[in-house]
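The values are calculated or read from the model by the stated rules, or taken from the named source; none is laboratory data. The structure presented is a predicted model; accordingly, all values stated were derived computationally and were not measured. We place every Cβ from the backbone using ideal geometry, glycine too, and count neighbours over all the protein chains shown.
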């Protein structure tokens with residue numbers, strides 16, 4: 001085994017101020033095992049007493065080579081890896097990947113599948129925001145928020161489980177539709193969520209929105225202007241909290257989002273508190289979309305019947321020779337996608353989640369690239385925490401809502 | 001092609017010798033490597049505020065060009081998207097940085113250096129980002145093998161264990 005190479009301060013000279021080289025300021029490592037970094041994120045901080053002069057994020061501890069691995073698998077099998085990227089948003093990742101594959105091969109998706117995709121994507125967004133709310137509030141010492149949020153999250157994970165058999169790594173959305181239709185319990189379970197959750201969101205707000213301790217820690221902290229945010233590629237709630245109204249669900253609709261009536265919340269302040277308000281409002285809007293989608297849920301097939309690209313249903317294999325051949329071809333060599341490249345993006349809870357897919361005409365993707373929102377959002381963090389106290393840095397990391405699996409891929 | 005996109009594409013063709021193509025409704029422009037920073041600057045002035053994604057594709061064993069560096073640009077004000085592709089040769093791959101135009105290109109370019117070994121001239125901090133600092137090779141190149149681990153069963157557990165890297169110490 002080769003010796004582990006130590007990085008000397010010389011290699012980081014260009015990143016810290018001159019005062020650090022003279023020894024006037026202190027360099028301090030935060031992480032990769034610090035509880036408030038939400039994963040394995042290492043921050044190299046240059047400190048003048050309690051004030052942060054420079055913050056240098058160091059990522060890559062969770063690198064799993066997803067892009068390389070996907071190149072070695074057929075289109076259907078590669079999808080399983082997509083859940084593992086942003087583990088807070090598995091349905092959204094599947095959706096982005098499936099939209100890219102569908103665009104690449106030209107597949108149509110039945111209406112019922114589109115609506116179920118929207119319901120599950122919005123529920124996933126809700127549970128992701130719940131985890132964010134719980135952990136970000138926990139960092140600011142609001143312990144009870146964490147317990148309430150994780151209690152509610154279980155209801156959503158139960159819905160995922162009755163649909164796909166898995167709580168988190170669902171792989172339920174497939175190219176051309178869904179894995180299978182939702183079970184009969186699905187509607188009642190989602191109705192129960194719609195009945196109880198609006199009151200729960202009110203409870204969260206009662207605990208935090210006017211709480212003086214929470215306001216002290218968040219108001220005016222970690223400001224990011226709209227110009228800086230755009231130039232740094234920041235998307236999602238962070239961008240909307242800086243006053244830019246940009247939501248791919250509204251501005252570049254996919255999966256029939258244009259049929260739903262919802263509001264894209266924005267705030268002009270661009271601080272930690274604004275991000276909190278934007279996300280809380282988004283949670284309410286999620287429930288609105290889910291309700292509209294559930295009310296109009298049509299009957300019909302949930303998978304395209306183009307069996308060149310979509311495996312036929314199990315019931316047909318016993319009676320149709322053609323279906324058996326298609327099934328065999330699909331699961332041994334996969335389907336050949338026509339040459340070309342596509343880029344499709346969806347709105348994940350953290351921002352623009354894009355998939356760049358290139359095909360050389362074979363059964364495996366030639367190149368898959370994941371444009372993950374946390375990667376760019378984290379890059380903007382050093383700007384937000386220049387000149388703030390170390391304690392405020394904790395609030396800022398919480399407000400950015402990073403998922404390290406999303407950054408390191 | 002979108003009405004608003006046409007004049008922008010025409011101007012890029014004239015100023016930078018770009019060639020346009022259309023694939024599945026999306027417009028893609030091939031821009032020469034040395035002019036990419038100026039082209040991005042011009043597009044930013046025309047309303048493409050956001051560099052959505054930046055990646056590369058390796059066409060090994062083809063050598064000229066071996067790589068395509070791909071830029072996905074988004075215009076929030078005009079609701080447009082545009083793809084720029086820059087061909088880069090396999091020997092000493094290098095192109096100018098766009099991190100002065102779009103600041104998020106900084107980490108994206110570090111990632112491309114890490115994964116493909118493409119150098120960006122004028123970049124302020126071209127270190128590896130995802131792989132360890134002492135890593136050899138660039139994993140997403142097509143001539144870099146995808147590693148694997150031998151499955152260990154009860155009958156050959158010890159035998160395979162002796163071949164593992166940590167067994168040598």
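Looking across segment A:225-242, the residues that are more than 8 Å from chain B (Cβ to nearest Cβ), surrounded by fewer than 24 Cβ atoms within 10 Å (Cβ to Cβ) and either free of Cβ contacts under 8 Å to residues at least 12 places away in the same chain or farther than 14 Å from residue A:382 by Cα (or both) come down to A:226, A:227. If you go through segment A:66-97 and pick out every residue that is under 21 Å from residue A:343 (Cβ atoms), in a loop (DSSP other than H, G, I, E, B) and within 14 Å of chain B (Cβ to nearest Cβ), you end up with 2. Would you mind stating whether residue A:256 is away from chain B (no Cβ under 14 Å) and closer than 30 Å to residue B:102 by Cβ? Against the criterion (away from chain B (no Cβ under 14 Å) and closer than 30 Å to residue B:102 by Cβ), residue A:256 does not qualify. Within segment A:8-29, the residues that satisfy the criterion of being closer than 20 Å to residue B:107 by Cα and within 32 Å of the chain's Cα centre (by Cα) are A:12, A:15, A:16.
One residue stands out in segment B:105-126 among those that are modelled with pLDDT of 90 or more and in contact with a helix residue (DSSP H, G or I) (Cβ under 6 Å, 6 or more places away or on another chain): the one that is nearest to residue A:16 (Cα to Cα), namely B:107.
Restricting to segment B:106-128, name every residue that is assigned to a strand (DSSP E or B) and farther than 17 Å from residue B:58 by Cα. Across segment B:106-128, the qualifying residue is only B:121.
Applying the criterion of being more than 20 Å from residue A:283 (Cα to Cα) and touching a residue at least 60 places away in the same chain (Cβ under 8 Å) to the residues of segment A:142-173, the residue that is surrounded by the fewest Cβ atoms within 10 Å (Cβ to Cβ) is A:169.
The set of residues from segment A:206-224 being loosely packed, with under 12 Cβ neighbours inside 10 Å and in a loop (DSSP other than H, G, I, E, B) comprises just one member, A:210. Residues in segment B:82-104 that are in a loop (DSSP other than H, G, I, E, B) and within 14 Å of another protein chain (Cβ to nearest Cβ): B:98, B:99, B:100, B:101, B:102, B:103, B:104.
Selection of segment B:130-153 for residues being surrounded by 13 or more Cβ atoms within 10 Å (Cβ to Cβ) and more than 26 Å from residue B:57 (Cβ to Cβ) yields only B:152. A single member of A:330, A:285 is crowded, with 16+ Cβ neighbours inside 10 Å and under 26 Å from residue A:76 (Cα atoms), and it is A:330. Taking (1) within 19 Å of residue B:57 (Cα to Cα); (2) crowded, with 20+ Cβ neighbours inside 10 Å; (3) modelled with pLDDT of 90 or more in turn, residue A:364 satisfies each apart from (2).
The residues of segment B:129-149 that are in contact (Cβ under 8 Å) with a residue 24 or more places away in the chain and either within 10 Å of chain A (Cβ to nearest Cβ) or not in a loop (DSSP other than H, G, I, E, B) (or both), listed by number, are B:139, B:140, B:141, B:142.
Among the conditions (1) exposed (fewer than 15 other Cβ atoms within 10 Å of the Cβ); (2) within 14 Å of chain B (Cβ to nearest Cβ); (3) in contact (Cβ under 8 Å) with a residue 40 or more places away in the chain, residue A:245 misses just one, which is (3). Of all residues in segment B:10-56, those that are part of a helix (DSSP H, G or I) and free of Cβ contacts under 8 Å to residues at least 60 places away in the same chain total 14. Contact map, segment B:150-169: first residue within 14 Å of chain A (Cβ to nearest Cβ), second residue modelled with pLDDT of 80 or more, Cβ cut-off under 7 Å, separation 6 or more or different chains; pairs are B:167/B:161.
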